[in-house]
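Reading through the structure tokens given below for one structure.
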Amino acid sequence: MTEIFAVFISPFEYSFMIRALVISVCVGVMCPLLGVYVVNRGLGFMGDAMAHSVLPGMVLAFMLGVSPFLGAIPTGIAVALAIGYLGKSFRVSEDTSIGILFAALFSIGLVMISLSKGLSVRVEDILLGQILGVSNTDVIITFSLAGLVLIIIAALHRQLVFTSFDPLGATVIGLPTRWLDYLLLVSLSVVIVVSLQAVGIVLVVAMLITPAAAGALIARRFTRVMASSVVIGVFSAVCGLYLAYHLDIPSGPSMTLVATAIFVLAVIYNQIRADQ
Amino acid sequence: MVEIGTPVSRKIIEAVDACVEFGSELALDDVTFSVMSGTMTGVVGPNGGGKSTLFNALAGVQELAHGSIYINGKSPKHARGEVGYVPQRERVNWRFPLSARDVVSLGKTGRASLFGRSTPADERSIEESLRRVEMWDLRNVLVDKMSGGQRQRVFLARALAQGAGILLLDEAFSGVDVGSQEGLVEVLKVLRDEGKCILMATHDLNTLADRFDEVICLNRHVCAQGSPETAFTPSVLEELYGPHGSMFADHWQGHHGHEGHNPDHEPGENPTSL
């Protein structure tokens with residue numbers, strides 16, 4: 001009993017762990033919620049690109065000594081809109097234009113890190129996440145933005161599903177499909193940015209797609225896939241937080257590995273169910 | 001004298017000199033025709049002949065460069081909701097795990113329908129629509145697990161739930177076996193008899209007379225409009241399909257050129273039917 005207390009309860013004697021728990025739950029809910037759209041619309045590469053593209057904004061915020069959100073959120077939204085525009089407006093394919101944009105922005109961010117002296121944050125923490133170092137302000141911003149996106153996604157659930165499933169049919173019925181696509185991309189960019197402190201730029205895509213992919217193997221209908229994915233996401237994020245605390249490892253890889261383990265179990269479960 | 005219970009037929013679609021341009025290319029060129037309610041019209045023509053473009057224009061998602069289209073006397077953009085669209089199968093993201101019921105409920109989606117809620121009236125309409133296309137028993141089956149014919153019925157049910165008086169079906173028989181096609185046609189005929197206006201793009205010339213009241217022959221412009229028995233002449237066929245179109249002149253309805261010769265039709269004579 002004492003051991004269980006030491007593993008599960010005692011970490012929360014520290015306020016930084018309570019802050020980290022709030023962030024973990026936010027990430028565990030929001031990433032899979034958007035992730036089911038990412039998986040079912042084939043936007044995995046776009047999600048990864050968005051995460052990498054906010055690096056210059058984050059680095060600029062650290063250089064100015066302000067909250068990383070102040071740099072990352074405008075950059076993320078600008079990148080989301082640029083990706084949405086590039087994908088529809090030029091004679092290069094969507095994947096190609098996204099690849100060029102994200103590689104260039106990520107490179108700019110790396111150059112800024114190299115040229116800046118005495119950044120107040122470790123590069124490793126930006127890339128891999130360090131949830132144990134979040135501030136009260138970070139928690140308030142994360143919680144508020146996650147809540148806002150949650151309301152938008154819930155309110156426009158049917159419109160977003162229609163646009164994702166049958167864009168032409170949605171346009172015919174009178175839905176503003178282009179604006180809904182932009183809204184989804186902007187929501188995705190906000191979720192990615194609020195998840196960066198937990199899982200880092202490199203691994204945020206894992207929290208977007210792995211719980212959603214596992215949820216799709218367990219449940220069948222979209223709303224149930226969404227619910228399963230959120231449960232898996234929250235479990236992965238909180239377990240990953242414990243692992244990060246007890247093993248003193250970056251939180252991004254620990255959350256990712258828990259989610260991956262659940263995905264493997266879901267594959268096995270799905271296979272057994274198919275064989276029966 | 002109109003029989004009681006029979007819907008009164010009226011002009012429901014009218015296109016006047018409708019033109020659509022893609023860059024310098026003219027996809028539709030002075031397209032003029034009209035369609036009455038309570039009719040089932042086949043739109044035939046070669047690939048690239050503008051069938052999908054015409055449907056998009058009727059549905060209000062394709063701007064006209066010139067001319068006009070009226071749906072119940074209104075522009076297509078102002079008639080949204082009155083047109084139900086059954087898309088080509090490759091236009092739909094089948095990865096999305098939706099059941100038949102989920103898909104039909106999308107027909108109740110408006111800009112103001114928030115939080116995915118359906119009213120009791122919506123629920124009744126969804127059930128009624130699924131029953132009318134005989135898909136109620138399969139309402140919880142995922143559409144990506146369904147046959148081509150079942151999917152088309154589900155999309156029809158969505159258009160019915162939407163309350164559309166005009167049904168546009170773009171290549172609805174593509175990937176649908178013959179038996180399922182016949183079942184779908186029977187459902188469509190019932191809807192037509194209830195007063196719906198049905199337009200279907202199709203490549204299957206052999207079954208036109210059995211299935212449609214009218215045909216519109218489209219190759220960027222309307223080459224002919226009329227009953228399937230009278231619309232096709234050798235010149236119309238050549239206009240639609242080029243020199244190879246003449247091979248259809250040896251076919252007639254229900255016979256496919258290898259089941260014997262039509263004694264009523266001599267080569268070179270205008271065929272009264274295909």
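The values are calculated or read from the model by the stated rules, or taken from the named source; none is laboratory data. Small disclaimer: the values here were computed from a predicted structure and weren't measured. As a convention, Cβ positions derive from the backbone with ideal geometry for all residues, glycine included, and neighbour counts pool all protein chains shown. For accessibility, only protein heavy atoms count, side chains too; no ligands or nucleic acids. Shrake-Rupley method; radii C 1.70, N 1.55, O 1.52, S 1.80 Å.
Scanning the range A:118-149 for residues that are of a type in the set (Ser, Thr, Tyr) and either open to solvent by less than 40 Å² (accessible area, probe 1.4 Å) or modelled with pLDDT under 90 (or both) turns up A:120, A:135, A:137, A:142.
Among the residues of the range B:110-139 satisfying the criterion of being of a type in the set (A, V, I, L, M, F, W, C) and more than 9 Å from chain A (Cβ to nearest Cβ), which is nearest to residue B:162 (Cα to Cα)? My answer is B:126.
Among the numbered conditions (1) within 14 Å of chain A (Cβ to nearest Cβ); (2) within 14 Å of the chain's Cα centre (by Cα), tell me where residue B:154 comes up short. For residue B:154, the failing item is (2).
Comparison of B:99, B:105 shows that the only residue that is closer than 25 Å to residue A:225 by Cβ, at pLDDT 90 or above and at the interface with chain A (Cβ under 7 Å from one of its Cβ atoms) is B:99. A single member of A:55, A:115 is open to solvent by less than 10 Å² (accessible area, probe 1.4 Å) and either over 30 Å from residue B:98 (Cα atoms) or in contact with an Asp or Glu (Cβ under 7 Å, 6 or more places away or on another chain) (or both), and it is A:55.
Residue A:165 falls short on exactly one of the conditions (1) open to solvent by 50 Å² or more (accessible area, probe 1.4 Å); (2) within 23 Å of residue A:46 (Cα to Cα); (3) aromatic (Phe, Trp, Tyr), and that condition is (1).
When the criteria are applied in full, residue A:190 fails the requirement of being part of a helix (DSSP H, G or I), in contact with a Gly (Cβ under 9 Å, 6 or more places away or on another chain) and modelled with pLDDT of 95 or more. Taking the criterion of being open to solvent by less than 20 Å² (accessible area, probe 1.4 Å), under 12 Å from the mean Cα position of the chain (by Cα) and within 14 Å of another protein chain (Cβ to nearest Cβ), the residues of the range B:160-192 that qualify are B:166, B:167, B:168, B:169, B:170, B:172. In the condition set (1) more than 9 Å from every other protein chain (Cβ to nearest Cβ); (2) on the phi > 0 side of the Ramachandran plot, residue B:60 is compliant with all but (1). Here the range B:81-91 is the region considered, the condition is being at the interface with chain A (Cβ under 7 Å from one of its Cβ atoms) and open to solvent by less than 10 Å² (accessible area, probe 1.4 Å), and the residue that is farthest from residue B:145 (Cα to Cα) is B:83. Set side by side, the residues B:201, B:249, B:209 differ, and just one is among the aliphatic types (A, V, I, L, M), modelled with pLDDT under 80 and in contact with an Asp or Glu (Cβ under 8 Å, 6 or more places away or on another chain), which is B:209.
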